[in-house]
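Read-outs throughout are calculated quantities, based only on the coordinates presented, and are distinct from any laboratory measurement. Since we're looking at a predicted model, the values are computed, not measured. Neighbour counts run over all protein chains shown; Cβ positions are idealised from the backbone, glycine included.
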Amino acid sequence: MWEDRAIDAAIEARQRAYAPYSRFRVGAALVAGEHLVAGMNLENRSFGGTICAERVAACAAWTSGWVPEQHPWQLLAIAADEDIMPCGICLQFLSEFAPELPLVLVNTESNEVRRRTLRQLLPERFVGQQLPRTNPKTDS
Ligand SMILES: [Zn+2]
């Protein structure tokens, strides 16, 4: 049920992508606990400022307070009009919050749906064990 809802939301979000340069429109929908939040790629003429749909969805979940500790991220559906695979930046970004996140990859042209996990696509993520970890709620 959640997977179907996420797929529909990703396909719908894709229609709202801002992709005037590449014309490559991508939608994503993240299931966070009992919540569903969508994102779409937002391009920028600086190109480096472009944000992928996957990270937009993750940031929208975070902004809504649906952080993984309280609302486990259970599924991310990603839709495009060709076989889609998250970029390396998105894999690393998402792995910080949900390293085992199931991914549902939807090709809206062929209607093919492929399933992977984040761990499969990024088995050895950067963890930065030397980096100090602070608690943003208690440390300033
Ligand atoms: Zn990406």
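One table, with the values for the structure above:
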| read-out | value |
| --- | --- |
| Exposed GluC sites (Glu not before Pro) absent: longest stretch of the chain, with sites in DSSP loops and at most 13 other Cβ within 10 Å deemed exposed | 35-68 |
| Dipole magnitude of the stretch 2-121, debye to nearest 20 (Cβ charges: Lys/Arg +1, Asp/Glu -1, about Cα centre) | 300 |
| Expected-Rg normalisation [2.2 N^0.38 Å, Cα atoms] applied to the chain | 1.05 |
| Charge tally in the Cβ shell below 11 Å around Q74, where Lys, Arg are +1 and Asp, Glu are -1, Q74 excluded | -3 |
| Signed unit charges on C-beta, dipole axis of the chain, positive-most listed residue W73, L42, W2 | L42 |
| Helical contribution to [θ] at 222 nm, DSSP H n ≥ 4, -39,500 (n - 2.57), averaged over the chain, rounded to 500 | -7500 deg cm²/dmol |
| Cβ-based exposure ranking for M1, M40, M85, in which fewest neighbours within 10 Å come first | M1, M85, M40 |
| Coil-residue trypsin sites (Lys or Arg not before Pro) of the stretch 1-82, DSSP, other Cβ within 10 Å capped at 11 | R23, R45 |
| Highest-fluctuation residue, G65, G128, G49 considered, GNM on the chain with Cα pairs under 10 Å | G128 |
| Sparse-neighbourhood loop sites, chymotrypsin sites (Phe, Trp or Tyr not before Pro) in the stretch 57-140 - DSSP loop, at most 12 other Cβ within 10 angstrom | F126 |
